[in-house]
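The values are calculated or read from the model by the stated rules, or taken from the named source; none is laboratory data. All of these numbers come straight from a predicted model, not from anything done at the bench. Here Cβ is always computed from backbone atoms with ideal geometry, including for glycine, and neighbour counts include all displayed protein chains.
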Amino acid sequence: MFSYFGYTLMSQPILSIVVPTREGFAEHWLNELVKIKGDVEFILVHPPGMKKHPKVDERLQQINSSFRGEIIQRMTGMLNASGKYLLTVNCDEYLTPDIVQIATDYFAAFPDSWVVRLSRNNFKFGDKSSLDKPWADFSQLKSMPICPMSEDKKQETNLSYNAGNCLLEIPIAPLDTKFDFGCFFRTRKDHHGIHTENFDKKIWKNELLQPTLQDILETMKIFGPVKYVPFWCLDRLLGLFIQAKFFKKGKIIGHLLPQPEQIRIEENPPEYKKSRRFYVFAEILLLRKFQNYGYLWNLIVDQIRGSLVRGFNFAFRRS
């Protein structure tokens, strides 16, 4: 038994769901979030100065981050997460009420996995009828067959992920790929495949995440108390950092769940249109820690080349 943010929990939650929020998030979204069943903690991380929502649910914790920004808000929530497993989503993304049971069943069936990737479906802003439709039953998850990643094995098993009746293997990212000098002149190629780079919208083992977060915080240090904290783009930084820290060549780190979806994503409202972001300002931290992986060099060189090209095109259009 331990105390946590003002109330007492009898045991470790099964799942922590971390959500960085913004002003004016929809009441409808929060009402759907707390419909999730089971032993779960919700950690909403608000920008500085934003008032906490009056919603009453003993599983709901609300934190105000020291600074505004996706990286600092998301990391604040994850560092406070006590669940056995952890999932990060945004405040316009809806989860099946059975997500805790899905996590429990999946990791019981695959105890050596690191992550389970959710199937998703995207909807236009305000499409409440689609967002509110009944969710599919995944009570048979533990008995679902596995669709292998190699074409030869797919033919042997006669299983196809697109048929919606099996779990698709997710291999670890091929980080030991050699550096490709062609990335100075063209888009990188080694990101193609069924491996995953991003962290968000997946259920991860928290025991792997917490030491990874500490490593990232250490990597952010410049000297003394001075830290380099990027504003955006934690998603791929964290997803690749955790794979690099625990890298095992060829390991199957998890599975992709089949359709129908377990997460529904609503488009941003008009006032929050997506803007172009420069991922390299966050992902450069990967090279500060892991200089030996060609895959990461390919990523960073590709990002720098792409940023320079976009900057040149923008300047040309303005002239």
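Working only within region 99-138, note down all residues that are in a loop (DSSP other than H, G, I, E, B), more than 17 Å from the chain's Cα centre (by Cα) and over 16 Å from G38 (Cβ atoms).
Taking region 99-138 first, the residues in a loop (DSSP other than H, G, I, E, B) are 110-114, 118-119, 124-127, 132-138.
Filter again for more than 17 Å from the chain's Cα centre (by Cα), leaving 110-112, 124-127, 132-138.
Scanning region 99-138 gives F110, P111, D112, K124, F125, G126, D127, D132, K133, P134, A136.
Within region 180-227, track down each residue that is assigned to a strand (DSSP E or B) and either within 20 Å of the chain's Cα centre (by Cα) or not aliphatic (A, V, I, L, M) (or both).
If the condition is that a residue be assigned to a strand (DSSP E or B) and either within 20 Å of the chain's Cα centre (by Cα) or not aliphatic (A, V, I, L, M) (or both), then K202, I203, W204, K205, K221, F223, K227 are the ones that fit.
Does S113 fit the bill of being without any contact (Cβ under 8 Å) to a residue 60 or more places away in the chain and hydroxyl-bearing (S, T, Y)?
Judged against the criteria, S113 is not a match.
Kindly indicate the residue of region 51-86 that is touching a helix residue (DSSP H, G or I) at 6+ places or on another chain (Cβ under 7 Å) and in a strand (DSSP E or B) and also modelled with the lowest pLDDT among those meeting that condition.
Here the answer is I63.
Any residue that is of a type in the set (A, V, I, L, M), crowded, with 16+ Cβ neighbours inside 10 Å and touching a residue at least 40 places away in the same chain (Cβ under 8 Å) - is there at least one of those in region 184-200?
No, region 184-200 contains no residue that is of a type in the set (A, V, I, L, M), crowded, with 16+ Cβ neighbours inside 10 Å and touching a residue at least 40 places away in the same chain (Cβ under 8 Å).
Test of understanding: among D92, D127, D98, D105, which residue is in contact (Cβ under 8 Å) with a residue 24 or more places away in the chain, under 19 Å from L234 (Cα atoms) and of a type in the set (D, E)? Steps first, please.
On the way: D127 fails: under 19 Å from L234 (Cα atoms); D98 fails: under 19 Å from L234 (Cα atoms); D105 fails: under 19 Å from L234 (Cα atoms).
The unique qualifying residue is D92.
Taking the criterion of being loosely packed, with under 13 Cβ neighbours inside 10 Å, touching a Leu at 6+ places or on another chain (Cβ under 9 Å) and at pLDDT below 95, would at least one residue in region 146-157 satisfy it?
Taking every residue of region 146-157 in turn, none turns out to be loosely packed, with under 13 Cβ neighbours inside 10 Å, touching a Leu at 6+ places or on another chain (Cβ under 9 Å) and at pLDDT below 95.
How many residues, within region 8-42, are closer than 24 Å to A108 by Cβ, under 18 Å from the mean Cα position of the chain (by Cα) and not small (G, A, S)?
Residues in region 8-42 being closer than 24 Å to A108 by Cβ, under 18 Å from the mean Cα position of the chain (by Cα) and not small (G, A, S): 7 in total.
So which pairs qualify, if the first residue must be in region 9-37 and in contact (Cβ under 8 Å) with a residue 12 or more places away in the chain, the second must be of a type in the set (F, W, Y) and in a loop (DSSP other than H, G, I, E, B), the Cβ gap must be under 9 Å, and the two must be at least 6 apart or on different chains?
From region 9-37, the pairs are V19/F25.
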